[in-house]
């Protein structure tokens with residue numbers, strides 16, 4: 001009888017811990033989804049990647065992100081949001097006037113990314129498939145390969161970064 | 001009558017005791033707070049021209065030559081370019097643009113360094129762990145390799161070079177401010193690393209003070225910053241978690257209390273955690289935000305004053321690491337390290353990583369004015385006023 005009670009308690013604990021972990025992950029995804037929807041950029045059909053690049057943070061990671069962005073800005077499968085722009089002029093000089101004023105580039109001038117609790121020194125990438133966020137991750141120095149993955153792998157097939 | 005004399009003696013005794021405690025301090029030697037009222041007052045501003053293709057982001061603003069400054073040197077972060085201004089009229093007199101490719105190039109990650117003279121310019125790359133020496137034509141004269149600073153390498157302090165933690169040159173050695181690593185014991189840690197420019201040998205300088213042995217401090221709280229008084233040849237070290245300044249000369253090392261009246265810094269733990277974890281950094285930031293910290297120390301040779309900078313504790317809930325820079329302040333001290341006044345600065349307006357001192361006073365970059373006009377670097381000027 002005592003063993004049964006103990007098992008039930010342990011079971012509850014395990015379920016509770018798992019639900020905590022899942023809700024933690026979900027919370028991050030919900031925030032990202034809310035952030036992206038604030039810019040009204042999620043179509044119902046097809047696959048595309050939302051790439052958020054902080055202008056301030058890990059300089060090598062940001063350089064890689066901006067390099068990726070410059071060559072792909074305007075392509076329908078990629079949406080770019082630049083955030084944490086503490087020095088607009090520096091950012092404009094670094095990316096060039098054409099990129100800075102490009103209609104497809106979204107500038108998060110009110111730091112909504114930070115307000116949503118998503119702030120990081122690394123770029124963040126979310127892959128949407130048919131209107132649903134499928135994969136989400138930060139591109140830190142150990143995940144540099146992600147830029148190649150985004151280029152070479154069918155977006156709907158990307159399950160993790 | 002006897003009672004009256006006793007009462008008089010008691011009052012005199014109490015008065016003497018109060019006077020003594022007001023003028024000396026248990027922690028620092030000879031520390032005093034001056035009775036005369038002083039205030040640091042905003043008085044005008046300095047506007048520097050900024051080229052259309054240069055921006056205000058910087059980690060390195062310095063006047064030179066160090067002993068008797070004539071010029072202001074401003075390194076534009078991310079653009080590998082420096083603007084040089086004359087301190088007399090604040091006109092731009094030179095622009096130094098480093099190559100991004102070729103034999104004289106430095107990597108894009110250079111953020112700071114030290115200019116000793118027009119012909120002796122050091123650039124430091126934190127990520128490449130290299131120090132580059134250039135002449136006035138921006139020809140690369142020599143490279144120095146920094147000691148290993150990898151997280152997993154154990155031992156050693158991380159070199160830190162910025163406006164608030166400037167490099168200093170003493171005879172033929174460069175002095176680097178540092179941040180202590182997890183692996184160093186405070187009892188054997190030093191505040192600075194020295195690089196002998198002739199022999200390329202690295203050394204240690206300024207043993208960390210007693211306060212760091214009373215608990216375990218982390219990250220920004222283990223930083224040091226150094227100023228040099230070329231008139232007295234004193235080296236002044238400000239520690240991020242210490243109320244005291246450590247003043248070294250040829251013959252002695254003394255401590256002077258130079259504390260903000262609005263914060264009390266404590267260690268995060270009693271002893272070193274059992275393992276190093278990057279995951280712990282967020283709680284370190286939260287602790288630093290909750291307690292405040294001292295950032296740097298500057299000497300003004302024209303006014304014979306010191307400015308000690310820091311950040312007050314964050315009010316309210318901790319949200320992210322950037323909060324530790326929210327509430328800057330400055331303490332002004334005279335040449336005897338007596339506190340003259342303390343001033344809170346508006347963190348929405350001022351960046352204390354972008355400032356300089358000259359004959360007119362203390363000039364602090366105003367970021368709000370830069371947002372209004374991106375082709376000017378505007379510094380608000382602060383001067384010390386008596387009887388305020």
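We did not get these values from a lab; they are worked out from the coordinates using the rules stated. Keep in mind it's a predicted model, so treat the numbers as computed, not measured. Methodologically, a virtual Cβ is constructed for each residue, glycine included, from the backbone with ideal geometry; neighbour enumeration extends over all protein chains shown.
Taking the three principal axes of the alpha carbon atoms in segment B:179-303, the coordinate ranges are 44, 41, 21 Å, sorted in descending order.
Suppose R0 equals 41 Å. What FRET efficiency, 1/(1 + (r/R0)^6) with r the Cβ-Cβ distance, do residue B:270 and residue B:375 give to the nearest 0.05? Before the final figure, lay out the partial values.
Details: r = 52 Å, r/R0 = 1.28.
Taking R0 as 41 Å, the efficiency between residue B:270 and residue B:375 is 0.20.
Using the alpha carbons alone, the radius of gyration of segment A:29-157 stands to its Kirkwood radius in an Rg to Rh ratio of 0.92. Considering every alpha-carbon pair of segment B:113-248, the percent of pairs per 10 Å bin, from zero through the bin containing the longest distance, is 12, 43, 33, 11, 1.
For segment B:103-146, the Kirkwood hydrodynamic radius comes to 10.3 Å, computed from all pairs of different C-alpha atoms. For chain B, modelled as a GNM whose springs connect Cα atoms under 10 angstrom apart, the maximal fluctuation among B:279, B:203, B:292 occurs at B:279. For segment B:186-313, the relative contact order comes to 21 percent (Cα pairs under 8 Å, sequence separation of at least 6). Residues considered: B:216, B:302, B:293. Largest GNM mean-square fluctuation over chain B, using C-alpha springs under 10 Å, is found at B:302.
222 nm [θ] for chain B, helices only, -39500 (n - 2.57) per DSSP H run of 4+, per residue, to 500?
Numbers: 3 runs with 39 residues, N = 388.
It comes out at -3000 deg cm²/dmol, rounded to the nearest 500.
Report relative contact order for segment A:29-157 in percent, whole number only (criteria: Cα-Cα under 8 Å, sequence separation at least 6). Show your work: numbers first, answer last.
Numbers: 193 pairs, mean separation 44.3, N = 129.
That works out to 34 percent.
Translational diffusion coefficient of segment B:2-386 (Stokes-Einstein, Kirkwood radius from Cα pairs, 25 °C, 0.890 mPa s): 111 µm²/s. Per-residue Cβ neighbour counts within 10 Å put B:172, B:234 in the sequence B:172, B:234, beginning with the fewest.
Assuming R0 = 25 Å, what is the FRET efficiency of residue B:304 and residue B:344, from their Cβ-Cβ distance, to the nearest 0.05? Mind showing how you got there, number by number?
Working: r = 24 Å, r/R0 = 0.96.
Efficiency computed from Cβ-Cβ geometry: 0.55.
By the Stokes-Einstein formula, at 1.002 mPa s and 20 °C, segment B:278-321 with its Kirkwood radius over alpha-carbon pairs has D equal to 175 µm²/s.
Pick from B:239, B:85, B:217: which is most flexible by mean-square fluctuation in a GNM of chain B where alpha carbon atoms under 10 Å apart are linked? Among B:239, B:85, B:217, the largest GNM mean-square fluctuation belongs to B:85. Each of residue B:182 and residue A:98 was given a label point 7 Å from its Cα along the Cα-to-Cβ line. The distance between the two points is 4.6 nm.
For the protein assembly as shown, pairs of C-alpha atoms spaced more than 42 angstrom apart make up 29 percent of the total. For chain B, the relative contact order works out to 17 percent when only alpha carbon pairs closer than 8 Å and six or more residues apart are counted.
Suppose R0 equals 22 Å; then what is the FRET efficiency for residue A:77 and residue A:145 from their Cβ-Cβ distance, rounded to the nearest 0.05? Each step should come with its number before you reach the end.
Details: r = 19 Å, r/R0 = 0.84.
Efficiency for this residue pair is about 0.75.
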